[in-house]
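A short write-up of the structure that comes next.
The values are calculated or read from the model by the stated rules, or taken from the named source; none is laboratory data. Just so we're clear, the structure is a prediction, and the values are computed from it rather than from any experiment. When we count neighbours, we look across all protein chains shown, and the Cβ atoms used for this are built from the backbone with ideal geometry, even at glycine. Each accessible area value is taken on the protein alone, full model and side chains, heavy atoms only, with ligands, DNA and RNA left out. Shrake-Rupley method; radii C 1.70, N 1.55, O 1.52, S 1.80 Å.
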2 protein chains.
Amino acid sequence: MQTCYIFNCPMNYRLRQQKLMSALGENHLDAMVITHGANIRYLCGFTGSAGVLVACSPRWVFYTDGRYRDQAREQVKGPRVVITKGSSLAAVAVELARRRRVPIGIEADHLTVSARSVLAGLLTKRVSLSETSGLVERQRMIKEPEEIERIRAAVAAGSNLFSTALKAIQPGRSETEVAAEMEYTARSAGAEGMSFDTIVAAGPRSALPHGVASAAAIPRHGFVLMDFGVILAGYCSDMSRTVHVGKPDSTMRAMYQAVREAQQAGIEAVRPGVEAGQVDQAARRVLKAASLARYFTHSTGHGVGLEVHEPPRVARGATDVLQPGMVITVEPGVYLPHQAGVRIEDMVLVTEHGGEALTPAPKDLVVL
Amino acid sequence: MQTCYIFNCPMNYRLRQQKLMSALGENHLDAMVITHGANIRYLCGFTGSAGVLVACSPRWVFYTDGRYRDQAREQVKGPRVVITKGSSLAAVAVELARRRRVPIGIEADHLTVSARSVLAGLLTKRVSLSETSGLVERQRMIKEPEEIERIRAAVAAGSNLFSTALKAIQPGRSETEVAAEMEYTARSAGAEGMSFDTIVAAGPRSALPHGVASAAAIPRHGFVLMDFGVILAGYCSDMSRTVHVGKPDSTMRAMYQAVREAQQAGIEAVRPGVEAGQVDQAARRVLKAASLARYFTHSTGHGVGLEVHEPPRVARGATDVLQPGMVITVEPGVYLPHQAGVRIEDMVLVTEHGGEALTPAPKDLVVL
C-alpha cells in the first residue's frame, strides 16, 4: 500500500527571498552566492543536487547545468534560470564581475576553499567576497506552518518504523536485516529516502553512539539501539528508541530509566525564551544525579528540517534562544563502553507556551 | 537470507601512508590536514563521520570526539588517536601551531572556507596553509587488489537489484515502491546502504537525467530508467538500466539501440594509456551518428570506489590517462525532454590490456 502525501499549501518562496534580501541589507551586502543545496531548496524550491543561486536585485538568478534543465524550469520559483555549459560557479563569477557595487556574500560554512578560489580568481578587484555564516540557516530555524505540516507527516511515517523494528528484532538476525525491514516500510509509505544511515546497534554495539547497522547478529540478551528517520516532501524525521532482548537486570533497567527521565526533563525544559543550552542542562542534570553523566558523551539535540542536522545546536552552553516554530531533537544517551548503550530521542516543536513532543511512539522499556 | 561477506585481506594502510608522505615531500609540505571522510577512511581505516587526520612525521595523529572513542581505537591503523573535548579542528590547529617548519597542506576541494578560517586563526605566523587538490584522490584512483575484490562484490550485489526491479515494475505501482523493493534486496544481502538515492524514473520522468524515485505511478507505456548502487565493505557500486513497459515503437527502439551501442563503444575504448576524454568521445560519436548527441546532456562517466563519484572524470576533454586498477563507469544517456530517456551504465575495470565490464546484468532491451 502506498500512502500518497499531498501537501496543498505551497511554500512562500517570495517571502523567504524578501527576508534574505533584508538580511543582506543589514549585513551591507550587495548580493549573495548560495551554494548549499538545502538553502537553495528553501529559497527557491529547486531539489536537484547541482546549482548555484545568486540573491541579488533586481531579480535573483539560478544557474545549473543541462542535466537539470527541465527540473529547474519546473521547480524554481522566482529566480531567472540560466543553464550553463561548464561550471555554474564560473558562470556566476563572470556575471558578478560585471557588477559595480560590492561586496558579495558567500556561505563560508559550505563553500569549499577551492570553490572560493575559483570565484575570487574570476572576479575583478572592485568585487570582494565576504564570508557569511548561517544567514539562511537562521531563517530556516523558525519553521512556517507549511513546513510543520510536512515535518509532522515525516515524524508520523518515521515513527511507524519502530513497530516494524519490534517485529523484525530476533536473536540471530543481523542488524542490517532489521534496518532492511525498517527502510522497506519507509519506502513503501512513500518516503523519498532515509534521513541518514539507519542505526541498529545490538548488544555491546549499542555502546557505540554512532554505530550504523552492521552484519553483526542480534544476541540473545542485551539492548538494541535504533536511530532512524525518513525524508518526506523534503523534510526529515529523526528518532531513537532502545529495546531489550531477554530480561534486563536491575542495572540495565535503572540505566534505561535514567535516560528516560533525562529525556523527559529535556522535553519539559523546552519553551520559548530559554536558551538551547538549558535543555541540554536539564537532561544532563538527571543523568548526573544517577551518576551516569560521564557516559553521556554527546550533546542533547539539534534542529531538524530540510536537513537532519541544522541549527540550533542543543548542547552545553548553546545560547540560541528557543522560539515558537523551532523543531529540535531531545536525545540524551548513556553508553557503557563495550557493554551497553541506551538513547531515547523525540522531535519537539517549540510552541507559544512550551514544547510539543511530536514523536508518537511509546518510550517505556520494551522487552522482547 | 543474509549473505555474509568476509574479506580476509586487510588493507595496506602503512603503504598508503608512506605514499602520501612521499607526495607531501614532492609538494614541499611538512604535514597535511585531512578532513574528507573517504580520504580518512582510505588512509587509516576510520569509518566514522567526524574526525581530522594529520599526516606528519614522526607519527600521524587522528583527532575525534568522545562519540567515536571506542570506534577510533578499534579501527584506526597507524596514527595515534586523540579524543578531543571540543572541536577536533581547533585541537589540530593548537598542535600544528607548535611546529617549527612550514607549510601545512589542506584539502582545498573539501575544507570549507570557515573551517580554513578556524585553522588559520589559531596558527602562528610561522605556519602557513597550502591549498592542495586531489593528493589523496589521485592515490585512490588506482585500486589495490583488496579494493577490487570488494568492488566486485559490491557490483555483484548491486546487479542483483535489477532482477528485483524487473519483478517489481508494474503499471500503477509507484516509483518509490520499486525503489523500496530494490533497497530491501540490497539491505537483506548485507549492504551497508545505497551508494546514492535510488533513481526510478518512469514514463516522461525518464527524461530527467537525475530524477530520484517519486510517488509517480508507472504508466502503462514507456521507459523506466533505474540508476542505483549499494555500499558493501565501504565500496560503492553504480549501474543504470532502462526497460520498457508495453511495446516500444520503432523510434524508442532505435533510441535504446543507439544508447546501447554508444555504451559498448565507450567500454571498448577503455584501455591503459588512453585519456578518459577518449572514452567519452567514443560514446558520443555513436550518438552523433544517430543524431542524438544533443540529447546526451551529461558526461560519460566517473571513477567509483569508496565514493560513488571520484576521480577520474570521464568527460569531454578529460586528460587523466587511464591506468590498470582504475574503476570507472561508462553511462551514456539520451533524454528527449518531456518524452523519454534511456541510460545504460556499467562499471569498468581498467586492466593491463583493456577494460573489463564488471556489471553482469544483461543490456538487451527488456520489454515488460
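Tabulated data for the structure shown
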{"quantity": "Residue within the range B:67-77 that is more than 12 Å from chain A (Cβ to nearest Cβ), touching a residue at least 24 places away in the same chain (Cβ under 8 Å) and surrounded by fewer than 21 Cβ atoms within 10 Å (Cβ to Cβ) present", "calculated": "yes"}
{"quantity": "Total residues in the range A:313-328, condition buried (at least 24 other Cβ atoms within 10 Å of the Cβ) and not in a loop (DSSP other than H, G, I, E, B)", "calculated": "3"}
{"quantity": "Test: residue in the range B:185-204 that is open to solvent by 20 Å² or more (accessible area, probe 1.4 Å), among the acidic types (D, E) and away from chain A (no Cβ under 14 Å)", "calculated": "no"}
{"quantity": "Tally, over the range B:154-184, of residues that are under 20 Å from A:G190 (Cα atoms), among the polar types (S, T, N, Q) and more than 9 Å from chain A (Cβ to nearest Cβ)", "calculated": "2"}
{"quantity": "Residue tally, condition crowded, with 20+ Cβ neighbours inside 10 Å and small (G, A, S), over the range A:245-262", "calculated": "2"}
{"quantity": "Any chance A:L123 is open to solvent by 10 Å² or more (accessible area, probe 1.4 Å) and within 11 Å of chain B (Cβ to nearest Cβ)", "calculated": "no"}
{"quantity": "Members of the range B:79-100 that are modelled with pLDDT under 90, open to solvent by 40 Å² or more (accessible area, probe 1.4 Å) and of a type in the set (A, V, I, L, M, F, W, C)", "calculated": "B:V94"}
{"quantity": "Selected residue (only one of A:A108, A:A93, A:A97 is among the hydrophobic types (A, V, I, L, M, F, W, C) and in contact with a strand residue (DSSP E or B) (Cβ under 8 Å, 6 or more places away or on another chain))", "calculated": "A:A108"}
{"quantity": "Contacts under 7 angstrom Cβ, first residue in the range A:36-49 being in contact (Cβ under 8 Å) with a residue 12 or more places away in the chain, partner in a loop (DSSP other than H, G, I, E, B) and among the basic types (K, R), 6 or more apart", "calculated": "A:C44/A:K77; A:G45/A:K77"}
{"quantity": "Unique match (being touching a residue at least 12 places away in the same chain (Cβ under 8 Å) and touching a Pro at 6+ places or on another chain (Cβ under 8 Å)) among A:L358, A:L336, A:L322, A:L349", "calculated": "A:L322"}
{"quantity": "Residue list for the range A:52-66, filter: touching a residue at least 12 places away in the same chain (Cβ under 8 Å) and either part of a loop (DSSP other than H, G, I, E, B) or more than 14 Å from chain B (Cβ to nearest Cβ) (or both)", "calculated": "A:V52, A:L53, A:V54, A:A55, A:C56, A:S57, A:R59, A:W60, A:V61, A:F62, A:Y63"}
{"quantity": "Wholly enclosed strands (runs of 3 or more DSSP E) of the range A:205-283 bearing at least 1 residues within 14 Å of chain B (Cβ to nearest Cβ) and modelled with pLDDT under 95", "calculated": "A:230-232"}
{"quantity": "Of all residues making up the range A:164-183, the number that are part of a helix (DSSP H, G or I), open to solvent by 10 Å² or more (accessible area, probe 1.4 Å) and more than 15 Å from A:G229 (Cβ to Cβ)", "calculated": "4"}
{"quantity": "Subset of the range A:236-250 [more than 21 Å from the chain's Cα centre (by Cα) and over 12 Å from A:V342 (Cα atoms)]", "calculated": "A:V245, A:G246, A:K247, A:P248, A:D249, A:S250"}
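Each row is one residue, and each column tells you yes or no for (1) within 13 Å of chain B (Cβ to nearest Cβ); (2) assigned to a helix (DSSP H, G or I); (3) open to solvent by 60 Å² or more (accessible area, probe 1.4 Å).
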position	(1), (2), (3)
A:V102	no, no, yes
A:G105	yes, no, no
A:H110	yes, no, no
A:S114	yes, yes, no
A:L119	yes, yes, no
A:V136	no, yes, no
A:R140	no, yes, no
A:R150	no, yes, no
